[in-house]
Amino acid sequence: MKNTKYILLLIIAISLNSCSHYNFTGTGKIDAKTFQVNYFQNSAELVEPGIERTFTLRLQDLIQNQTNLNLTNSNGDLMYEGEITDYRITPMTATADQKAAQNRLTVRVNVRFTNKNKETDNFEKSFSFFYDYSGDSQLVGSQLTEALDVIFERITQDIFNESLAKW
């Protein structure tokens, strides 16, 4: 019985020790205390007003919610910057009378990530995602909000995974 307690204690200790470098969001040990997300300018040919502010805030919120890093306006240990380079609506399928049956909104964001403490993590990369919607509807109001929610959720998660989760 005494040996069973020691074996059980050893198994628990090994289990807890093996998880020390990861947390529930999937990030490894982050050698930083602060992060900074600079304003992402909208340099796309087709401009949808306000998406640059929405995207910047979404990226800040995601990092704050999934890490214990503190947001700062300057001199962050981790810095995200870039621009929205493409906002495009393209017809995907057509009907017999030459009208679009389905359209696709695609957003592309170019991101420059800088880690002051570990320069090998630095990158510049483009991230994009899309949202398909009916050709009979206009991309305005709640449908535009839903489309941008889906797109920005995916792009910000991809940026997070590339910069901090290393997936």
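Here is the list for segment 31-117: chymotrypsin sites (Phe, Trp or Tyr not before Pro) lying in DSSP coil, each with at most 15 other C-beta atoms within 10 angstrom of its C-beta, are 39.
Peptides 56-68, 99-111, ordered by how many other C-beta atoms sit within 10 Å of their residues on average, highest first, read 99-111, 56-68.
Among the GluC sites (Glu not before Pro) in segment 26-96, those placed in a DSSP loop whose Cβ has at most 13 other Cβ atoms within 10 Å are 45.
With the convex hull drawn over the C-alpha atoms of segment 45-102, the volume per residue is 124 Å³.
Relative to its residue count, segment 52-167 spans a Cα convex hull of 107 Å³ per residue.
Other residues within the sphere of radius under 9 Å centred on the Cβ of residue 155, judged by their own Cβ, net out at +1 (K and R +1, D and E -1). The protection proxy used here, the mean number of other Cβ atoms lying within 10 Å of each residue, ranks peptides 146-152, 122-128 as follows, highest first: 146-152, 122-128. Label-to-label distance for residue 117 and residue 95 is 5.7 nm, based on points extended 7 Å past Cα in the beta-carbon direction. Local charge for residue 75 was computed over the other residues whose Cβ lies under 13 Å away, with Lys and Arg +1 and Asp and Glu -1, and equals +1. Using the Cβ of residue 116 as centre and a radius below 14 Å, the other residues enclosed give a net charge of -2, where K and R count +1 and D and E count -1.
Here, each number is a calculation from the coordinates, and none is a lab measurement. Note that the structure is predicted; figures quoted are calculated from it, not measured. Neighbour counts run over all protein chains shown; Cβ positions are idealised from the backbone, glycine included.
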